[in-house]
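The values are calculated or read from the model by the stated rules, or taken from the named source; none is laboratory data. All values reported here derive from a predicted model rather than from experimental measurement. For neighbour counting, all protein chains shown are included, and Cβ atoms are generated from backbone atoms with ideal geometry for every residue, glycine included. The accessibility values were calculated without ligands, DNA or RNA, using every heavy atom of the protein model including side chains. Shrake-Rupley method; radii C 1.70, N 1.55, O 1.52, S 1.80 Å.
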Amino acid sequence: MMLEPSIDKLLEQVDSKYSLVILEAKRAHELRDGERPTKYFPDDERLSKLTEEEKKGRVFKSVKHTLQALEEIAEGTVTIHPGPDAKRKTLAERREMGHLEDRMREKLIKEQIAREEAEEEARQKGNRAAKASDNEEE
């Protein structure tokens, strides 16, 4: 049974129980998938840098993503997106940008490897040429 946050406090933030359930489920999925939380997780290393006063209200009480989502909703830090289609489009664009950045990084790495291999091959040719000239002199 969930005692905190209370349903009354949660319903102050959303229009209906239906909206609450949908928002909670979507936010729980986002947290599970690595979206940035609005509070710290209890095992977060950054907490050691905060004083006890700074920690108050900034650390999740719950360990489950569903209850963490409800904590965020109760505080008003998570709301229903006014344009869900726009949000989906933004998320898709963000994913595509991530893929493009990964491809660019991979391309740069491959170019660097090719340059290094060409330099090594030129060095080896120079060494062979120097050895050949040394052998001719003898």
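Below are the figures for this structure:
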{"read-out": "Ranked packing of 116-122, 58-64, most packed first, by mean Cβ within 10 Å", "value": "58-64, 116-122"}
{"read-out": "Residues whose placed amide H lies under 5 Å from that of Val59, excluding near-sequence neighbours", "value": "Tyr40"}
{"read-out": "Added length on full extension, which subtracts the Cα-Cα distance from 0.36 nm per residue, Ser48 to Ala92", "value": "12.3 nm"}
{"read-out": "Within the stretch 1-38, trypsin sites (Lys or Arg not before Pro) in DSSP loop having at most 15 other beta-carbon neighbours inside 10 Å", "value": "none"}
{"read-out": "Heavy-atom accessible surface of the chain: percent carbon and sulfur, 1.4 Å", "value": "53 percent"}
{"read-out": "Spin-label pair Ile22/Asp85, simplified geometry with 7 Å Cα→Cβ offset, distance in nm", "value": "1.5 nm"}
{"read-out": "Calculated FRET efficiency for the pair Glu35/Asp15, C-beta based, R₀ 30 Å, to 0.05", "value": "0.85"}
{"read-out": "Label-point separation, Lys125 to Asp102 (7 Å along Cα→Cβ), nm", "value": "3.7 nm"}
{"read-out": "Above-threshold pairs, the threshold being 30 Å between Cα atoms, out of Lys26/Lys61; Lys17/Lys89; Lys64/Lys110; Lys9/Lys64; Lys39/Lys87", "value": "Lys64/Lys110"}
{"read-out": "Fluctuation leader among Ala86, Ala114, Ala28 - the chain, Gaussian network, Cα springs under 10 angstrom", "value": "Ala114"}
{"read-out": "Spatially proximal aspartates and glutamates relative to Lys131 (Cα-Cα < 19 Å; intrachain offsets below 8 disregarded)", "value": "Glu119, Glu120, Glu121"}
